[in-house]
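Everything below concerns the one structure shown next.
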Amino acid sequence: MAAATTCSPITSIVPVSWWNARPKWRSFSTTGRRVSSPARRISRTSRWSIAGARRRRAPGSSISRASPSGAKRSRWRAERSRAHGRRSRTSSMNLSGKVVVVTGAESGIGKAVALAASAAGADVVIAGIATEKLEDTAGEITRTGGRVVAVATDIRDAVAIARLFDAAEARFGRIDAAVANAGILGARKPIGEVTLADWQEVLAVNLTGTFNTVMEAARRLIAQGGGGSIIATGSSSALKPVTGLLPYVASKGGVHALMHALALELAPWRIRVNTLVPGTTATEATRAMPGYLDQVAQALPLGQVVEPEELARYVVFALSDAVPHLTGALLKLDSGRTL
């Protein structure tokens with residue numbers, strides 16, 4: 001009969017004969033790389049299991065030695081979750097060292113995006129046609145310690161767009177991202193009253209102006225190398241139309257298609273292209289319409305309209321390095337309007 005052997009916690013998991021016969025040396029291959037001994041080939045999971053067995057149970061005892069109490073374990077997990085959440089939020093909202101061009105930055109979504117990008121560490125170049133409001137936006141960024149250049153720009157003019165990007169490169173040396181946000185709603189009219197002039201006015205800004213902006217950004221990013229990101233503002237109305245805004249709906253549908261195709265075209269240069277798809281947003285213009293936002297909110301599944309600041313946080317996240325493979329996406333944030 002074999003002599004009695006007192007089993008340690010380890011030998012209760014690993015066979016005694018193999019454990020005692022294991023090689024105690026470390027060998028090296030002819031290339032000089034270390035070759036692990038069999039004792040080192042235990043998987044990470046197994047090692048954790050062995051260590052856990054050592055900690056949890058003393059030989060001959062059913063009482064846990066190192067396991068914390070339930071309350072203590074819960075507190076530890078909560079603290080760890082909070083710390084991980086802080087790290088994740090910080091990294092996903094970090095644009096430090098990036099230069100971001102934003103059009104339509106005088107008010108509404110564009111202004112919120114410019115402020116949020118600056119708060120995330122980016123240098124910002126803002127464009128718009130309302131000069132005084134544009135300067136107000138620039139002033140807010142400057143007062144918080146950000147760096148900004150404001151350029152009055154009519155996005156319908158390709159030459160003006162080129163000057164905008166020239167100003168960005170002259171001040172900051174490069175660009176990393178562009179947000180083509182500028183657009184107009186146009187006059188709300190019954191279908192029988194829509195004219196060619198109505199159509200051309202809206203498409204000149206919303207579709208041609210967006211084309212001018214994203215194409216100039218694409219050319220600059222390709223020339224620089226190193227990838228980049230381009231976002232254009234579409235609309236939930238392009239996915240779920242509303243009556244009385246035919247030119248607007250068509251123009252935003254064109255923006256969606258433009259950005260979808262551009263994402264494929266620019267992928268070889270690792271330039272990410274996405275479309276922000278907001279629903280009705282609580283901007284200065286919509287707040288000025290008595291009862292309008294309350295009426296819209298009642299029809300939304302979530303019961304609230306979206307604030308520009310929430311959309312801006314979504315844009316900053318999409319521009320950041322936290323999602324390096326996000327491209328060709330419709331970034332919907334519409335309180336469930338398109339469900």
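Nothing in this text is a laboratory measurement; each read-out follows from the coordinates by a stated rule. Please read all numbers here as calculations on a predicted model, not as lab measurements. Here Cβ is always computed from backbone atoms with ideal geometry, including for glycine, and neighbour counts include all displayed protein chains.
Couple of notes before you dig in:
- Exposure proxy for Ser92, Ser335: other Cβ atoms within 10 Å of each Cβ, ordered fewest to most, give Ser92, Ser335.
- Dmax and Rg, reported as Rg then Dmax, of segment 90-333 (C-alpha, Å): 17.1, 52
- Gain on full stretching of the segment that runs from Ala267 to Ile191 - 0.36 nm per residue minus C-alpha separation: 23.4 nm
- Cβ-Cβ FRET estimate between Arg174 and Asp136, R0 fixed at 30 Å, reported to 0.05: 0.65
- Label-to-label distance for Gln295 and Ile184 is 2.3 nm, based on points extended 7 Å past Cα in the beta-carbon direction.
- Residue pairs, from the table Lys133/Lys189; Lys98/Lys240; Lys111/Lys189; Lys189/Lys240; Lys240/Lys332, whose Cα atoms sit over 23 Å apart: Lys133/Lys189; Lys98/Lys240; Lys111/Lys189
- For the peptides 280-286, 142-148, 161-167, 122-128, the ranking by packing is 122-128, 161-167, 280-286, 142-148, with the highest mean count of neighbouring Cβ atoms within 10 Å listed first.
- With the convex hull constructed from alpha-carbon coordinates only, segment 200-339 shows a mean projected area of 8.9 nm² over all directions.
- Total charge dipole magnitude, segment 182-339, about the Cα centre, Cβ charges on Lys, Arg, Asp, Glu only, Debye to nearest 20: 300
- Distance between the modelled labels on Ser92 and Leu330, one decimal in nanometres: 2.2 nm (7 Å Cα→Cβ projection).
- As a proxy for reagent exposure, Met289, Met93, Met259 were ordered by neighbouring Cβ count within 10 angstrom, fewest first; the result is Met289, Met93, Met259.
- Set against the 2.2 N^0.38 Å expectation for a compact globular protein, segment 156-235 has a Cα radius of gyration ratio of 1.32.
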